[in-house]
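Shown next, in structure tokens, is the structure this report addresses.
The values are calculated or read from the model by the stated rules, or taken from the named source; none is laboratory data. Quick caveat: nothing in here was measured; it's all calculated off a predicted structure. In this analysis, Cβ positions are derived from the backbone assuming ideal geometry, glycine residues included, and neighbour counts consider all displayed protein chains. Surface areas here come from the heavy atoms of the whole protein model, side chains and all, with no ligands, DNA or RNA. Shrake-Rupley method; radii C 1.70, N 1.55, O 1.52, S 1.80 Å.
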Amino acid sequence: MEFWVHVIDTVLIFIILGLSLNLVLGFSGLASMAHAAFFGLGAYAAALLSSGLGWPFPLNLAAAILVTAAVAAIVALPALRVRGEYVILLTLALQMFAYGLMLSWVELTGGRTGLPGIPRPVIFGWKLVTPPDFLPLLLVAAVVTFLICRRIADSPYGRVLKALREDEAATVALGKNVLAVRVSLFAVSGGLAGAAGGLFAHYYAFINPFSFSLDQSIFLIAVVTLGGTANLWGTTVGALLFVGVPELLRFLYLQQDIVAPVRNLIFGLLLVAFMRFRPQGIIPEYAGLERRSAGPKAEPAAVGELFRSAARNLAATGLSRRFGGIQAARQVDLELRPGEVVALVGPNGAGKTTIFNLLTGFLRPDAGRVYLDGEDITHLAPWQRARRGLVRTFQDVRVFQRMTVLDNVLVAVPNQAGENLLSLFFRPRRVAADEKIARALAFGYLEFVGLADRAGVLAESLSFGEQKLLALARALAVRPTVILLDEPASGIDPQWVGRMLDLIRRLRGAGCTVGLVEHNLEAVRAVADRAYFLEAGQVIASGHPEELIRDRRLAEIYFGV
Ligand code: ATP
């Protein structure tokens, strides 16, 4: 009996650990190799404080959580500047460093021998010794962790995590502060892993570095991935299967020396079988999406509420940028006046997208300045410019493919209380009220572009033309005063071109200042009030689009005829 409860207890600790990793790996797409180190840090903190200083259990656990959260948040700082595989390398380095420290700082950690005799926890005068004693505590801890993770996963904050996972640049373009999100995410995830570590230390009353090795980190990644990333039930089932079953197998084999190899063999076979037959995990992220759809349909906000009334002026002076031997922008002066549609045209490679990148902060200029309504914004990061109302779309669309159409737009709505972790947990009413407003707005923007009936489907299932409309709705949800559209009418069916041009006219009507990069000259002729003609990074003409298109010299440059 006690053995069975022990198996359940172990599974519960790993559920907490797996859920903490899933936040980072599944929801925000960062492969952390350091979760065993966070687990270990929590375990050593709790062990040292209870053995060394005689702190009571609740205080130990709180300290384990705080210390690990703080370390994880610090780790996230450099992780902001690195991407993809570099996050793996960075967290791998931390994992190796922490493991090395556990092994070599013998005075503190006991080295290979570890720390025995960790005091048993006492809760309300009740001392926990046997596995059944621990069961209620671990069950409560796992349920609380699950609820915390679910609150995060289903929140506006969770949407930003997913958006970052899908496309970091597109998320920044919506005015999201990636640094704040990543640091708080690592703090929460690290804190939960620290809690699992604290519980683990008190449960076994003994720890040594071998429970916190790189193998453990890799094992955790396997549990989360096989269970189903970004699905909390997936992690729960994954822990049951991949922690519980091997623990049970330990019971079946009497020959102790064959236990480990047989367990590893079975585990390895399971891994291969899963990768072959169910790569998306046992319970994938969007299991049952068809049934859930996008939740209740909100009454769309009225068109008048969708746009800011004040249009803004965007100006640049002397913008220059060089890439190696190529001068992509050379002394560019331009101005977008309030309520105007202005196009940038020119042959391929003329520097149009580079200028958009310089205006929106995605590229730093070698020289020149950018002004929004007279304010110099050259030093601002892209997300800060987006928050001031300067918003862009991308040539390659960059919708968040594995998010629903509605979530793509919802995530862009600014000032949502639920994007702040503290508000999320301590001001639930404000969060719920904001969510209601955000949904109404999101449906309003979807209705505006004509995609409201697709709200519940994943963005990846839309056609390219529809994705361009979705990208427009998403950009509008940021409430731009100046919107820069990169090739909104290129590469799409004629039916979508008409709709897009109509929307651009309506945007101008609503008081938005619009900048366009567009190859489709018919489209430029149809909507633009003015145009700048670029060649080799320089503005060589500007004026009414009709005049520019008729100019034989420009036609020669453009078409090479
Ligand atoms: P297209 O119409 O084909 O999109 P464009 O007018 O938008 O072209 P840009 O994309 O701005 O032109 O490119 C201008 C020049 O700068 C090109 O020669 C391009 O190869 C170069 N360039 C742009 N971005 C970079 C970069 N990140 N690194 C190096 N070269 C770049």
Leading residue by the ranking (farthest from the ligand (Cβ to nearest atom)) among those in segment 361-376 that are open to solvent by less than 60 Å² (accessible area, probe 1.4 Å) and either farther than 26 Å from residue 535 by Cα or assigned to a strand (DSSP E or B) (or both): 376
Could you grab the pairs with beta carbons closer than 7 Å, sequence gap of 6+ or different chains, first residue in segment 501-514 and farther than 11 Å from residue 341 by Cβ, second one hydrophobic (A, V, I, L, M, F, W, C) and surrounded by 15 or more Cβ atoms within 10 Å (Cβ to Cβ)? 503/449; 503/472; 510/307; 511/307; 511/311
Is it the case, given these coordinates, that residue 12 is open to solvent by 10 Å² or more (accessible area, probe 1.4 Å) and in a helix (DSSP H, G or I)? yes
Can you tell me which residue among 344, 380, 358 is outside any helix (DSSP H, G or I), assigned by TED's automatic domain parsing to the domain that holds residue 523 and within 16 Å of the ligand (Cβ to nearest atom)? 344
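Any idea which of 200, 186 is within 17 Å of the chain's Cα centre (by Cα), in a helix (DSSP H, G or I) and crowded, with 24+ Cβ neighbours inside 10 Å?
On the way: 200 fails: within 17 Å of the chain's Cα centre (by Cα).
Of 200, 186, the one residue that is within 17 Å of the chain's Cα centre (by Cα), in a helix (DSSP H, G or I) and crowded, with 24+ Cβ neighbours inside 10 Å is 186.
So that you can scan it fast, the table gives a plain yes or no per residue for (1) touching a Lys or Arg at 6+ places or on another chain (Cβ under 9 Å); (2) within 16 Å of residue 33 (Cα to Cα); (3) not aromatic (Phe, Trp, Tyr):
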| residue | (1), (2), (3) |
| --- | --- |
| 175 | yes, no, yes |
| 198 | no, no, yes |
| 203 | no, no, no |
| 207 | no, no, yes |
| 213 | no, yes, yes |
For segment 381-400, does any single residue satisfy the condition of being touching a residue at least 60 places away in the same chain (Cβ under 8 Å) and acidic (Asp, Glu)? no
Return the pairs, sorted by first residue and then second, in which the second residue is of a type in the set (Phe, Trp, Tyr), the first residue lies in segment 264-287 and is assigned to a loop (DSSP other than H, G, I, E, B), the beta carbons are less than 7 Å apart, and the residues are 6+ apart or on different chains. 283/233
Suppose we keep only residues that are farther than 15 Å from residue 372 by Cβ and open to solvent by 10 Å² or more (accessible area, probe 1.4 Å) within segment 329-338. Which one would you say is farthest from the ligand (Cβ to nearest atom)? 333
Does segment 493-510 contain at least one residue that is within 30 Å of residue 327 (Cβ to Cβ) and either under 30 Å from the mean Cα position of the chain (by Cα) or in the same structural domain as residue 416 (by TED's automatic domain parsing) (or both)? no
Of the listed residues (341, 332, 370), the one being among the aliphatic types (A, V, I, L, M) and closer than 21 Å to residue 527 by Cβ is 341
Close pairs (7 angstrom Cβ cut-off, 6 or more residues apart or separate chains): within 15 Å of residue 154 (Cα to Cα) in segment 432-443, not aliphatic (A, V, I, L, M) and not in a helix (DSSP H, G or I) anywhere: 434/416; 438/416
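Restricting to helices (runs of 4 or more DSSP H) lying wholly in segment 50-160: which have 3 or more residues that are modelled with pLDDT of 85 or more and closer than 30 Å to residue 419 by Cβ? I'd like the intermediate steps shown before the answer.
Numbers: elements: 57-81, 85-104, 106-109, 131-153.
Once the helices (runs of 4 or more DSSP H) in segment 50-160 are filtered for at least 3 residues that are modelled with pLDDT of 85 or more and closer than 30 Å to residue 419 by Cβ, what remains is 57-81, 85-104, 131-153.
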Scanning segment 524-533 for residues that are of a type outside the set (Phe, Trp, Tyr) and in contact with a Leu (Cβ under 6 Å, 6 or more places away or on another chain), which turns out surrounded by the most Cβ atoms within 10 Å (Cβ to Cβ)? 531
